[in-house]
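Quick notes on the structure that follows.
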Amino acid sequence: MSRPFRSWETALDQLVDDEIHDSVDRLDLKPNAFGYDRWGASPAAAKRVLVLVRWMYERYFRVECHGIERVPVGRVLLVSNHSAQLAYDGMLICAAMVLRAHPPRFVRAMIERFFARPAYVNVLMSRMGQLIGIPENCRRLLQEDQAAVLVFPEGERGGGKVFRDRYKIMGFGQGFMRLALQTKTPIVPVGFIGGEEMCPSFSRMTPLAKLMGLPYAPLTPTLLPLPLPAKVHIHFGEPMHFEGKGTEDDTVLSPMIEEVEGAVAELLAQGLKQRSGVFF
Amino acid sequence: MEKSVVITGGAGGGGRLLAQRLLDAGYRVHTVDKNPARLPEAVTHHRVDVRKRGFDDVLRRVRPWGVVHLARLHRLDATSEERHRVNFEGTVHVFEVAVAAGVRKIVFPSRHTIYGALPDQPLFLSEDHPPAAGRTYPEVQDLVAADLYASAQLWKQLDREVVVLRPVNILGPNTENLFCRYLRQRRVFTVAGFDPLYQVLHEEDFVTALRTSLEPGVRGVFNVAGHEPVPLHVVVEQSGALRVPLPESLIGIFGGRLGFARVPKGAVDYLKFACTVDATAFQQATGFAPEISLADTLTSVGQPRT
């Protein structure tokens, strides 16, 4: 990075404490001599970002994590509901896996294609190990033994959903199931609670979004990209194993996908019942 | 009897390195180039243009076992018609003449850039990925067409071996491609806010890949990469240049001025988005592995020619 970023980086480096060093150093990342892994992720950059993200995780969203010990060792596909307009849900689930899982796991989220275009954002995503959600990328990742991949099968339908649809699953795509079958990867359902209240949106403003080349343009009372400090609960479900080749007809796949969708919906329903308030 | 190989474009940096390597490996080496060449004495240089009749004559007389077709017009300031004539029609002519002369092995080095650098494409493209560079980079249409033609010959020429190599960015003191020229400027701009992954291959390792492709039994279309990718800023900084991130809108203005390289508009995408390949098929088919380390490859571009 150029000079102004360097001084930023040095300043942030001084805030990296032992907990972050320890968590990131134990991640299964294989950086080369220049500090980057083959997908462009950088442990040094991850540490700097974690300084801020840990503060958001612990102080701002006061995340409570339930059942993280259910995530099995080895290859795994985390399947979550999607909300929050911007990728706060992905960020917090990844943070939970680094800060709260034993041993810490580096999760790569499959993100909206849109994120590859904006300047700086694309570099940040790449350094954090996030990849745009193309089946080829996901398949290649899941061929690695220790890979933990996070997907939001609702895609932008979920990310950009409006407030009256909160905690409703907007329909899962099929891609994740085909990939899980092809690579024989267990699926862990994840219920993310709090995302709908941190950036409530009342309209996707589709015509405006089209003009700006965005998947959706949320009309929200919060000052984007700043979310409200809703309390976040992340619920991890029991691992699910499916058998198949991944080339089956849609009719064969649908019940399996519904099973995962149902598991996520169940985690959401239970989590919502348990939660005492939106902000506390 | 020792096998003879004709190298087209033999006067270039890569041609000279390959000629020496093939001599060392015991081949009889002929080079063809319309330019005079500084080559080892044991090499027979034929000063003809591959598109002209003289080339037919050389192949009829030499009756080579193999042809490595390196001749290319890289300069992007040449008109697209000129480039098309050399890079596409030249390639077609070389294949036709080689087939007529009964050549057993034809090696055609293409390049990874034909896949294109697009924001919505996966990392580590396989050989099956369609070459999409023409979508945003019309200057390389000729190279895409040549690659597709050569790849199709693989299936048409079943009684001889055709090898199409798609190497990643070749770096080295003797290499004169657009990327090396870009890195050799006093100031090297990158696009502010973008830092795509890059794969690089040392010119000596590329020559090794070419020589390996001449082994009997090797045929197919192969990506060739050396090391795991690194972000572009690492490539620029390791080459010894001063890196200046510029907003994309200023690149058109500063390109070719103030010590910056001029880069065609379509090529700017390669400074924004990754174009990386999966090269495991070539490794498995030939056992190829780079001999020169990533660090040495990155610094080689600024070193004096040999």
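The values are calculated or read from the model by the stated rules, or taken from the named source; none is laboratory data. All values derive from a computational prediction rather than experimental measurement. Positions of Cβ are backbone-derived with ideal geometry, glycine not excepted, and every protein chain shown enters the neighbour counts. What goes into the accessible areas is simple: the full protein's heavy atoms, side chains included, and nothing from ligands, DNA or RNA. Shrake-Rupley method; radii C 1.70, N 1.55, O 1.52, S 1.80 Å.
In table form, for the structure just shown:
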quantity	calculated
Elements of type helices (runs of 4 or more DSSP H) contained in segment A:1-95, each with 1 or more residues being within 14 Å of chain B (Cβ to nearest Cβ)	A:3-15, A:43-55
Residue tally, condition open to solvent by 60 Å² or more (accessible area, probe 1.4 Å) and farther than 15 Å from A:Gly246 by Cβ, over segment A:127-155	3
Options B:Leu197, B:Leu271, B:Leu294; residue that is surrounded by fewer than 24 Cβ atoms within 10 Å (Cβ to Cβ), among the aliphatic types (A, V, I, L, M) and more than 10 Å from every other protein chain (Cβ to nearest Cβ)	B:Leu271
Segment B:274-286, subset without any contact (Cβ under 8 Å) to a residue 40 or more places away in the chain and away from every other protein chain (no Cβ under 12 Å), residue farthest from the chain's Cα centre (by Cα)	B:Gln284
Of residues in segment A:107-125 being open to solvent by less than 30 Å² (accessible area, probe 1.4 Å) and under 21 Å from A:Gly35 (Cα atoms), the one nearest to the other protein chains (Cβ to nearest Cβ)	A:Val123
Failed criterion for B:Glu176 (all others in (1) out of contact with any Lys or Arg (no Cβ under 8 Å at 6 or more places or on another chain); (2) within 14 Å of another protein chain (Cβ to nearest Cβ); (3) open to solvent by 10 Å² or more (accessible area, probe 1.4 Å) hold)	(2)
So B:Arg305, is it under 30 Å from B:Ser4 (Cβ atoms), away from every other protein chain (no Cβ under 14 Å), under 19 Å from the mean Cα position of the chain (by Cα) and part of a loop (DSSP other than H, G, I, E, B)	yes
Qualifying position, being of a type in the set (A, V, I, L, M), in contact with a Leu (Cβ under 9 Å, 6 or more places away or on another chain) and surrounded by 15 or more Cβ atoms within 10 Å (Cβ to Cβ), among A:Leu267, A:Leu253	A:Leu253
Scope segment B:239-268; condition within 14 Å of chain A (Cβ to nearest Cβ) and either touching a strand residue (DSSP E or B) at 6+ places or on another chain (Cβ under 7 Å) or without any contact (Cβ under 8 Å) to a residue 24 or more places away in the chain (or both); matching residues	B:Ala241, B:Leu242, B:Arg243, B:Val244, B:Pro245, B:Leu246, B:Glu248, B:Ser249, B:Leu250, B:Ile251, B:Val268
Residue match in segment B:276-286 (condition: within 21 Å of B:Tyr137 (Cβ to Cβ), part of a loop (DSSP other than H, G, I, E, B) and modelled with pLDDT of 95 or more)	yes
